[in-house]
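Each remark here refers to the structure printed beneath this line.
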Amino acid sequence: MLRKVGILFFAMIAAAFLAQGCQSTGSVKDRLDDTGSPADGSVSADMIPAVRGLPPDPGPVSVYRIAPDDLLSITVFQVEELSSEQRVLASGEIYMPLVGAIEVAGLTPDEAQRRIAAKLEKNYLQNPQVRVSVEEAASQKVVVIGAVNAPGVYPIKGRTTLLQAIAQARGLNSIAADEEVVVFRGASQEDMKAYVVSFADVRSGKVRDPMLIGGDTVQVPESASAKFFKGLFGFIRGPSVPVPAY
């Protein structure tokens with residue numbers, strides 16, 4: 001009897017494996033040839049072009065203008081009581097001791113620090129030295145999905161790298177395929193490209209840690225073994241059927 005059960009179990013594993021293989025369309029990486037084109041030559045209107053390698057470096061950060069919900073670090077030199085972190089309100093204002101509301105939305109950090117300095121100098125300080133930096137650009141976000149511990153939308157903090165974005169999502173989970181992390185980039189569906197990155201190589205320092213930009217989506221696929229066992233258990237259990245109420 002035990003032998004029959006064992007044979008049946010392994011037969012079910014084999015059947016599930018074959019079913020999984022028949023249903024799988026392959027990963028982004030599997031469908032590419034050496035030039036980054038679909039290996040089977042297929043072309044689809046909704047297909048995202050994919051390349052093996054790192055996304056291009058965005059280069060020098062262009063002039064950033066402060067937006068509502070940004071987190072600003074404000075330093076007034078030699079006046080610690082006035083230095084703080086401030087979240088920009090929906091109205092575009094921040095509130096500081098002594099001067100109250102100051103509108104900063106739409107300004108660059110340099111313009112914001114000059115405006116704050118002018119407010120402080122008017123009635124309170126002589127030649128105040130103010131520094132404003134954007135700690136979190138809420139209008140610039142990346143999406144991290146797939147086999148990570150905390151998928152979600154995360155604000156870019158300064159120049160954010162792939163390692164930092166994965167760390168914000170609390171790292172890869174136990175079923176992640178770290179050899180095939182995909183970075184999607186593009187302002188529209190027509191411009192979108194998928195960059196297949198070896199996260200293991202990035203983490204070990206074999207390749208540089210690529211910079212991300214606002215609007216990027218990072219997808220961490222599940223490992224092949226995790227997909228297989230999910231398919232296996234689904235095959236053994238079969239489709240779920242609601243229990244009728246009597």
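Remarks
- Size of electric dipole in region 71-137: Cβ of Lys, Arg +1 and of Asp, Glu -1, about Cα centre, debye, nearest 20: 220 debye
- Additional length obtainable on full extension of the chain from Ile48 to Glu93, 0.36 nm per residue less Cα span: 12.2 nm
- Annotation: amide H of Ala50 within the under-5 Å range of Ala194, sequence separation 5 or more or interchain, hydrogens built in the peptide plane.
- Tensor-based shape of region 158-198 (alpha-carbon gyration tensor, a/c under 1.5 rounded, otherwise prolate or oblate): oblate
- The HN-Hα couplings worked out from phi for region 77-93 by the Karplus form 6.51 cos²θ - 1.76 cosθ + 1.60 (θ = phi - 60°) are 4, 6, 10, 4, 5, 9, 8, 6, 9, 10, 8, 5, 6, 4, 6, x, 10 Hz, whole numbers, x standing for Gly and Pro.
- Per-residue 3J(HN,Hα) values for region 171-177, derived from phi via the Karplus relation 6.51 cos²θ - 1.76 cosθ + 1.60 with θ = phi - 60°, read x, 6, 8, 6, 10, 6, 9 Hz in sequence order (x marks Gly and Pro).
- Calculated SAXS-style log₁₀ I(q)/I(0) at q = 0.24 Å⁻¹ - region 71-137, Debye, Cα scatterers: -1.07
- If the chain linking Glu85 and Ile175 were pulled fully straight, counting 0.36 nm for each residue of separation and taking away their Cα-Cα distance, it would gain 28.6 nm.
- Under-5 Å amide H pairs with Asp69, H placed in peptide plane, nonlocal only: Val88, Leu89
- Candidates per GluC sites (Glu not before Pro) in region 170-214, loop by DSSP, up to 15 other Cβ within 10 Å: Glu179, Glu190
- As a rough guide to protection, the peptides 113-119, 73-79, 194-200 ranked by mean Cβ packing within 10 Å, highest first, stand as 194-200, 113-119, 73-79.
- Amide H within-cut-off set for Lys141, under 5 Å, with H built and near neighbours excluded: Ile156, Gly215
- When the charge dipole of region 71-137 is built from unit charges on Cβ atoms (+1 for Lys and Arg, -1 for Asp and Glu) and taken about the Cα centre, the candidate among Val99, Gln86, Thr75 whose Cα reaches farthest toward its positive end is Val99.
Bear in mind that the values in this text are calculations on the coordinates, not laboratory data. Predicted, not measured: the structure shown is a model, and the values here were computed from it. Cβ: placed from backbone, ideal geometry, glycine included. Neighbour counts: every protein chain shown.
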